[in-house]
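These notes concern the structure reproduced below.
The values are calculated or read from the model by the stated rules, or taken from the named source; none is laboratory data. Keep in mind that this is a model prediction, so the values were computed, not measured. FYI the Cβ positions are ideal-geometry reconstructions off the backbone, even for glycines, and counts take in every protein chain you see.
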Amino acid sequence: MEKPQAAGYSAYIEFQRDDWARLRSNTPLTLSEDDVASMRGAIEAVSLQDVIDIYLPLSRLLNLHFRSARSLNGVKDEFLGRLVGNRPYVIAIAGSVAVGKSTFARILRALLARWPDHPRVSLITTDGFLHPNRVLEERGLMGRKGFPESYDRRRMIRFLADLKAGKPEVSAPVYSHQAYDILPGEVEVIRQPDILIFEGLNVLQTGADEPGRTPSIIISDFFDFSLYVDAETADIEPWYVERFLLLQRTVFRNPSSYFHHYKDLDEAEARTVAAGIWRDINLLNLTENILPTRERANVVLRKRPDHSVGEIWLRHL
């Protein structure tokens, strides 16, 4: 994966980690080491210093945007002569498989929920909007789970539209990583949050059904702010392999796991299988569908080989 050249791309301002950390201003640290430990991913050593240097300035920036959005709602109320009311502020988080989006989303949610003016912060992943396995099997798409065509885009858009319309309750399907499928009849109910974090591989894609043809409504139309968690492909692959090995020693040993048949592989065999899945599915999806959306994000966070964020790109155009 080619490293982004922000110096030649005028829409972004580049910050090194130390410069970004200074933008925290007086934002208080509201998480403890135990809080951070409880939200870490399987292979990510996110530290309290990472929270201080990266997440606190970001939470300050998002709070400023959130307050501006609320002020704009007041302008609409005055113009229309009636109460429009507040709508959830939607933050999208995109990036590759195994890049650490889920951990990033959990920590960001915890920080945002501790700001006094938006205590209700919900988190939804796009996994719940995957088509059920039976549909993917019927369409010959089981080997392309996570690719744009494997998602129920209409249901995803309906969920976001209902949320933005201020409906008292909206619901999303529930996905089980153990079953590797949507759980029939189960939903996650979201009740008018101040902020919704919407995390997934495909959130910044245009959703085009045909090459060169963009639908009239796309998922990102509903976003107020977007983040892209980025890293070199050469770094993401070993992260994916290590995560696979960890799951093989834990989750895959459960007989109900979809990947139970991998449980008895020795380490060399498991590494070979994981590298093949990465190469044939996840890398292909990254290069064809996910990475091209990176420059649509408001903020790009570039990770180092140790999972820490070293560079931040802030869109200013």
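Pairs needed: first member in the range 165-189, assigned to a strand (DSSP E or B); second member anywhere, loosely packed, with under 12 Cβ neighbours inside 10 Å; C-beta distance under 6 Å; at least 6 residues apart or different chains.
Filtered contacts from the range 165-189: 171/189; 189/169.
Being modelled with pLDDT under 95, within 15 Å of residue 299 (Cα to Cα), surrounded by 14 or more Cβ atoms within 10 Å (Cβ to Cβ) and in contact with a helix residue (DSSP H, G or I) (Cβ under 8 Å, 6 or more places away or on another chain) narrows it down to one residue among 55, 12; which is it?
12
Considering the range 260-273 alone, what residues qualify as being free of Cβ contacts under 8 Å to residues at least 12 places away in the same chain and either surrounded by 16 or more Cβ atoms within 10 Å (Cβ to Cβ) or under 24 Å from residue 133 (Cα atoms) (or both)?
Hits for the range 260-273 are 260, 261.
Among residues belonging to the range 193-208 that are modelled with pLDDT of 95 or more and either basic (Lys, Arg) or in contact with a Pro (Cβ under 6 Å, 6 or more places away or on another chain) (or both), point out the one that is surrounded by the most Cβ atoms within 10 Å (Cβ to Cβ).
Among those that are modelled with pLDDT of 95 or more and either basic (Lys, Arg) or in contact with a Pro (Cβ under 6 Å, 6 or more places away or on another chain) (or both), it is 196.
Residues being among the polar types (S, T, N, Q) and surrounded by 15 or more Cβ atoms within 10 Å (Cβ to Cβ): count how many of those fall in the range 234-259.
Going through the range 234-259 one residue at a time, the tally reaches 2.
List, please: which pairs have Cβ atoms under 9 Å, are six or more places apart or on different chains, and start with a residue in the range 138-163 that is free of Cβ contacts under 8 Å to residues at least 12 places away in the same chain and closer than 21 Å to residue 222 by Cβ and end with one that is surrounded by 18 or more Cβ atoms within 10 Å (Cβ to Cβ) and not small (Gly, Ala, Ser)?
Note: pairs meeting the criteria are 149/131; 158/170; 162/170.
Filter the range 274-293 down to residues that are over 23 Å from residue 182 (Cβ atoms), surrounded by 17 or more Cβ atoms within 10 Å (Cβ to Cβ) and of a type in the set (A, V, I, L, M, F, W, C), then give me how many there are.
5
If you go through the range 161-192, how many residues are touching a strand residue (DSSP E or B) at 6+ places or on another chain (Cβ under 7 Å) and either buried (at least 20 other Cβ atoms within 10 Å of the Cβ) or not charged (D, E, K, R) (or both)?
Of the residues in the range 161-192, 13 are touching a strand residue (DSSP E or B) at 6+ places or on another chain (Cβ under 7 Å) and either buried (at least 20 other Cβ atoms within 10 Å of the Cβ) or not charged (D, E, K, R) (or both).
Could you figure out which of (1) in contact with a Leu (Cβ under 6 Å, 6 or more places away or on another chain); (2) closer than 26 Å to residue 204 by Cβ isn't true of residue 240?
Among (1) in contact with a Leu (Cβ under 6 Å, 6 or more places away or on another chain); (2) closer than 26 Å to residue 204 by Cβ, residue 240 violates only (1).
If you go through the range 155-175 one residue at a time, how many are over 18 Å from residue 73 (Cβ atoms) and among the basic types (Lys, Arg)?
Looking only at that region, the number is 2.
Filtering the range 63-95 down to residues that are among the polar types (S, T, N, Q) and either surrounded by fewer than 17 Cβ atoms within 10 Å (Cβ to Cβ) or in contact with a strand residue (DSSP E or B) (Cβ under 8 Å, 6 or more places away or on another chain) (or both), which residue is farthest from residue 306 (Cα to Cα)?
Step by step, filter the range 63-95, then rank; the result is 73.
If I filter the range 81-135 down to residues being of a type in the set (Lys, Arg) and in contact with an Asp or Glu (Cβ under 7 Å, 6 or more places away or on another chain), which single residue comes out as nearest to residue 170 (Cα to Cα)?
120
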